Amino acid sequence: MVHRIECHENSVPDIYFKRNLAIKKDELIDFISNLLSEGLKVGSVKNTIDNSDYFHLSFDDGFKEHLEIAQELKEIFGFKDDTMTFAINVGNSITFNYTGMDVLYEAIGKNGESALGQCFGLDFTNAEDDIIGKLKERIIAISPDEFSQIRNCLRLETKRLSALFLNSSEIRELAQLATIASHGMTHRDLTNHPEISQQEIRQSKRILEELVGREIQIFSYPEGRCNPQIQQFCKDAGYVYSLSISHQQDNPYCIGRFCITNHRKEIMRRLHE
């Protein structure tokens, strides 16, 4: 699992690196090369389920640089379309209903961490508070309507937010290079407000299918969180696989992943065991 990729010097804000959500392009390419040199093969999601000799690359959130990295990985390694999955958050890329931690990072860059407490109804008087951690747990648990009210309080510039994410034309272009997955409508913990979550799971699939002209078979849980009810929603909506952080054996709706920025050393260690 990959989030942000720094393809050009200083193209990704430091906060993404501090939160272990970004990797430099050369480091990503080197890591993939190491996996291949160790005898692993890149393959589809099904390949990785059926055979431990395979790995699959998944990219969450639909950042602008994902199109560039897909093009480069195809050129360097000749990867087939089904070996890379790019999960698109429909709200951020298509309907422009911006949600999630990227909105928070943008607000922090503009207002500073402590200034956000009032918008979220939180008191950050303790200097030892994990401000971003507390804000995150608040932001991913509230309903989309509640977040809309908070977003207005943050006074964000939508032009800057739109520059972060792939637009409809770029998503169609990316669909010619790799597999497109749904990452929902709003980047929140879907185990909260399940009735809304069920609608979002279905709606995001329909919108993406209309956009790219092909079936969307994979759902990537925002924040990687799911439960049996959310998994059933994905199955009922017609998805074939769902990507998570936790892993359940023989459950195609809870396929666990390693975050490259957190687990590179662990992955290489396991290969050498």
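The values are calculated or read from the model by the stated rules, or taken from the named source; none is laboratory data. Predicted, not measured: the structure shown is a model, and the values here were computed from it. When we count neighbours, we look across all protein chains shown, and the Cβ atoms used for this are built from the backbone with ideal geometry, even at glycine.
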- For Ile245, all conditions in the list (1) under 25 Å from Ile5 (Cβ atoms); (2) in contact with a Cys (Cβ under 7 Å, 6 or more places away or on another chain); (3) among the β-branched types (Val, Ile, Thr) hold save one; what is the number of the exception? (2)
- Task: Identify, by number, the condition in (1) touching a residue at least 24 places away in the same chain (Cβ under 8 Å); (2) in contact with a Lys or Arg (Cβ under 9 Å, 6 or more places away or on another chain) that Tyr54 doesn't meet.
- Result: (1)
- Please find, among Asp145, Asp102, the residue that is charged (D, E, K, R), surrounded by 17 or more Cβ atoms within 10 Å (Cβ to Cβ) and within 22 Å of Arg225 (Cβ to Cβ). Asp102
- Residue set Lys134, Lys110, Lys159; condition without any contact (Cβ under 8 Å) to a residue 24 or more places away in the chain, farther than 27 Å from Val42 by Cα and touching a helix residue (DSSP H, G or I) at 6+ places or on another chain (Cβ under 9 Å); output residue Lys134
- Item | Enumeration of residues in the stretch 221-243 that are surrounded by fewer than 22 Cβ atoms within 10 Å (Cβ to Cβ) and either polar (S, T, N, Q) or not assigned by TED's automatic domain parsing to the domain that holds Ile196 (or both) | Asn227, Gln229, Gln231, Gln232
- Quick one: how many residues across the stretch 214-235 are part of a helix (DSSP H, G or I) and touching a residue at least 24 places away in the same chain (Cβ under 8 Å)? 7
- Identify all residues within the stretch 80-99 that are in contact (Cβ under 8 Å) with a residue 60 or more places away in the chain and of a type outside the set (Val, Ile, Thr); write none if there are none. Asp81, Asp82, Met84, Phe86, Ala87, Asn89, Gly91, Asn92, Ser93, Phe96, Asn97, Tyr98
- Query: Say we look at the stretch 244-273 and pick out the residues that are farther than 21 Å from Ile196 by Cα and polar (S, T, N, Q); which of these is surrounded by the most Cβ atoms within 10 Å (Cβ to Cβ)?
  - Reply: Thr261
